[in-house]
1. Kindly indicate the residue of segment 200-229 that is touching a helix residue (DSSP H, G or I) at 6+ places or on another chain (Cβ under 6 Å) and assigned to a loop (DSSP other than H, G, I, E, B) and also nearest to residue 123 (Cα to Cα) among those meeting that condition.
2. Could you tell me whether segment 211-229 includes any residue that is free of Cβ contacts under 8 Å to residues at least 12 places away in the same chain and out of contact with any strand residue (DSSP E or B) (no Cβ under 6 Å at 6 or more places or on another chain)?
3. If you check residue 50 against the conditions, is it within 30 Å of residue 138 (Cβ to Cβ) and either part of a strand (DSSP E or B) or at pLDDT 95 or above (or both)?
4. Is it true that residue 163 is in contact with a strand residue (DSSP E or B) (Cβ under 6 Å, 6 or more places away or on another chain), at pLDDT 95 or above and assigned to a helix (DSSP H, G or I)?
5. Filter segment 147-158 down to the residues that are more than 14 Å from residue 66 (Cβ to Cβ) and outside any loop (DSSP other than H, G, I, E, B) and list them by number.
6. Pairs, please: C-beta under 6 Å, at least 6 apart or cross-chain, first residue in contact (Cβ under 8 Å) with a residue 24 or more places away in the chain and at negative phi and in segment 132-156, second part of a strand (DSSP E or B) and surrounded by 11 or more Cβ atoms within 10 Å (Cβ to Cβ)?
7. Among the residues of segment 95-116, what is the count of those that are part of a loop (DSSP other than H, G, I, E, B), surrounded by 24 or more Cβ atoms within 10 Å (Cβ to Cβ) and touching a helix residue (DSSP H, G or I) at 6+ places or on another chain (Cβ under 8 Å)?
8. Specify the residue that is surrounded by the most Cβ atoms within 10 Å (Cβ to Cβ); the eligible residues are those in segment 264-286 that are more than 17 Å from residue 242 (Cβ to Cβ) and in contact (Cβ under 8 Å) with a residue 60 or more places away in the chain.
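The values are calculated or read from the model by the stated rules, or taken from the named source; none is laboratory data. Quantities reported herein were computed from a predicted structural model and do not represent experimental measurements. Note that each Cβ is placed from the backbone with ideal geometry, even for glycine, and that neighbours are counted across all protein chains shown.
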């Protein structure tokens, strides 16, 4: 049954730093654990992303800028020549299908394990992840990370910039710096995981320093029009705790400082259009703003996220990112256009297990 009532504004064309987008729907970066053991993107990943090329923009899954930044098994990376080649095969397939791609760069920080990377994780402070972590031999207790010294901070900033350059060489339009969801950059922002007493800890202006240094280096390397940043104020992923006072003291200032560096977009994860933090960010950000609305975790809405996405646009977002609706519906824009039923996620376990099942076998309307 067709439930569409008029053309959705999510399907209106848009622009991002000189790039024409056919619609305002963005595929949020979703780790799917289908990379090769080396971290190189696989042929299966190329098929998966090409299937979803009708999105206005694809932000490809988090890729690590160095070995110690690896989070889980079979996570994509971009710090060796074979990683460039693997991702180049993906971007070529997506371009042939008419799509446009950015790549998210993510360092796991304390979200890592020696059994996965062969290295002790690093973090702003030696505060362990409170929950067990998935490793090649199953779930294990997290280890206490090693506190980063100044040399390691400087090297990590340089690694982000070098990875951004490799992403452009691999055919991506740009990169998204991941400062959200409890990974390394978010760990520097949050006082519970950043207990440093130097220039990178304590007051909000110190806790945001590392994020700003990374973004500034990436912008200098590939240009501001090729750079986006993702934040998730107050989100508790990976043991992050930020109080209302923390958020109010840090994120408005961070938004202004990031805006001054000139990135093409800011991507707010788990955004609530009625929340004050969204309104403050919207009012202080001068370029493209991507809103990632909160959707049910146990199901995909019957409208594919249309209503939640349209609320984000009404609240000032320029683009709307969706995760699970695109995971199970490679042709989500067409389903929103026609009001066609959406596929459900069949088995959540298959979201993070290698192979085509639960990955590239979701049907499109075209069959």
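1. 200
2. The answer is yes, given that some residue of segment 211-229 is free of Cβ contacts under 8 Å to residues at least 12 places away in the same chain and out of contact with any strand residue (DSSP E or B) (no Cβ under 6 Å at 6 or more places or on another chain).
3. no
4. Yes.
5. Across segment 147-158, the qualifying residues are 147, 150.
6. Listed pairs, sorted by first residue: 142/133; 145/122; 145/123; 146/122; 148/122.
7. The total comes to 7.
8. 267
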